[in-house]
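The values are calculated or read from the model by the stated rules, or taken from the named source; none is laboratory data. Every value quoted in this text rests on a predicted model; they were computed, and no experiment measured them. For neighbour counting, all protein chains shown are included, and Cβ atoms are generated from backbone atoms with ideal geometry for every residue, glycine included.
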Amino acid sequence: MVHGNSNGSANSAPAAAAPLDLSLLRTFLAVHRAGSFTAAGRLLGLSQPTVTTQIRSLEEQLGRELFERRSRGVVPTSVADQLAAQVAAPLDELAVVADRGALGADQPPEPVQLAGPAELLCTRVLPALAPLTGEGVRLRVSPGLTDELLDGLRGGRYDLVIATARPRGRTLTWEPLADEEFVLLAAPTWAERIGAGRVAAEGPAALRGVPLVSYAEDLPIARRYWRHVFGTRLGGQAAITVPDLRGVLAAVVAGAGITVLPRYLCLDELASGALVPLLTPEDPPINTSYLTRRPGSPDNPHVTLVRERLLRVAPTW
């Protein structure tokens, strides 16, 4: 017969680890996806100190650090990445069931918060989504610049964001939505003054002294076109800047000078002859837009309807 010592440690089993609290795991997953305690708190309806306390409690239970605190948010450790991979799918499935019960049979889903570039929203996205209103979908549409909109997506202000650049980091999920081709354009009067074929023969030298209409002072779209097509840096200043490509289009049609625009925005003007392409390169600059959302199943089924509709229709733009 084996006798243990006075505290019985020789024949006692190791103490079982306490089960992890689901509310702590839910908060953890929100922080992992949002990239900050503050943004996660907005998503969950919690204060930032509450989120901080819950994450510390979970770290104490696990005995491991989950996030490295930075000046702008947090960065997950490898332990956090592993935990997120384990709990994301079960928590998302549980959230769908819980939200379905909370909504009830008579309560409609919340409006879908959609954001993106103003020009694309107004000329392509809203016409594509218009049929969904007949299915009860409500939309709240916000224009803006990609970086600001992605911050809002992480913080829970939007459900879907159309980004003009591929999102960085692991806190967002993105899918290619559409490709837009950039075209160097002018009204017929300026095209005649420049001369047919001169841009193809002489490159940007043929455009010296011609007024340029741009989206912003740093000439972002035109600079990209010059670099991609001509292999040179664009210098000088714009004659007109207007932070809406529809305004740029209107000014150039009226004879203000030349510009570079996405083809989808000026199809009618090209077809009617109100605008003339100054060059048709074999390899025009292409920019891809991305439909971006937070990882996991959306609580709102209408978000899924909007997403699926956009992915189906966008290739025709």
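Taken over the stretch 206-215, residues that are within 24 Å of residue 119 (Cα to Cα) and either at pLDDT below 95 or in a helix (DSSP H, G or I) (or both) amount to 1. Each residue in the stretch 24-66 was checked for being assigned to a helix (DSSP H, G or I) and free of Cβ contacts under 8 Å to residues at least 60 places away in the same chain, and 24 of them qualify.
Quick one: is residue 257 modelled with pLDDT under 95 and on the phi > 0 side of the Ramachandran plot?
no
Inspection of the stretch 265-283 finds no residue satisfying the criterion of being among the hydroxyl-bearing types (Ser, Thr, Tyr) and under 26 Å from residue 144 (Cβ atoms).
You will find that of 209, 203, the residue that is out of contact with any strand residue (DSSP E or B) (no Cβ under 7 Å at 6 or more places or on another chain) and either β-branched (Val, Ile, Thr) or surrounded by 14 or more Cβ atoms within 10 Å (Cβ to Cβ) (or both) is 203 and no other. Of the set (1) under 29 Å from the mean Cα position of the chain (by Cα); (2) closer than 26 Å to residue 163 by Cβ, all apply to residue 240 but (2). Against the definition (surrounded by fewer than 12 Cβ atoms within 10 Å (Cβ to Cβ), free of Cβ contacts under 8 Å to residues at least 40 places away in the same chain, of a type in the set (Val, Ile, Thr) and out of contact with any helix residue (DSSP H, G or I) (no Cβ under 8 Å at 6 or more places or on another chain)), how does residue 146 come out, yes or no? No; evaluated as a whole, the condition is false for this residue. When you scan the stretch 81-100, do you find a residue that is surrounded by 12 or more Cβ atoms within 10 Å (Cβ to Cβ), acidic (Asp, Glu) and either part of a strand (DSSP E or B) or at pLDDT 90 or above (or both), even just one? The answer is no, given that none of the residues of the stretch 81-100 is surrounded by 12 or more Cβ atoms within 10 Å (Cβ to Cβ), acidic (Asp, Glu) and either part of a strand (DSSP E or B) or at pLDDT 90 or above (or both). From the list 252, 229, 248, 306, the lone residue that is of a type outside the set (Lys, Arg), within 30 Å of residue 134 (Cα to Cα) and assigned to a helix (DSSP H, G or I) is 306.
Filtered by the rule that a residue be over 11 Å from residue 280 (Cα atoms), surrounded by 12 or more Cβ atoms within 10 Å (Cβ to Cβ) and either among the aliphatic types (A, V, I, L, M) or not assigned by TED's automatic domain parsing to the domain that holds residue 267 (or both), the stretch 182-200 gives 186, 187, 191, 194. Scanning the stretch 145-177 for residues that are over 22 Å from residue 226 (Cβ atoms) and touching a Pro at 6+ places or on another chain (Cβ under 7 Å) yields a total of 5.
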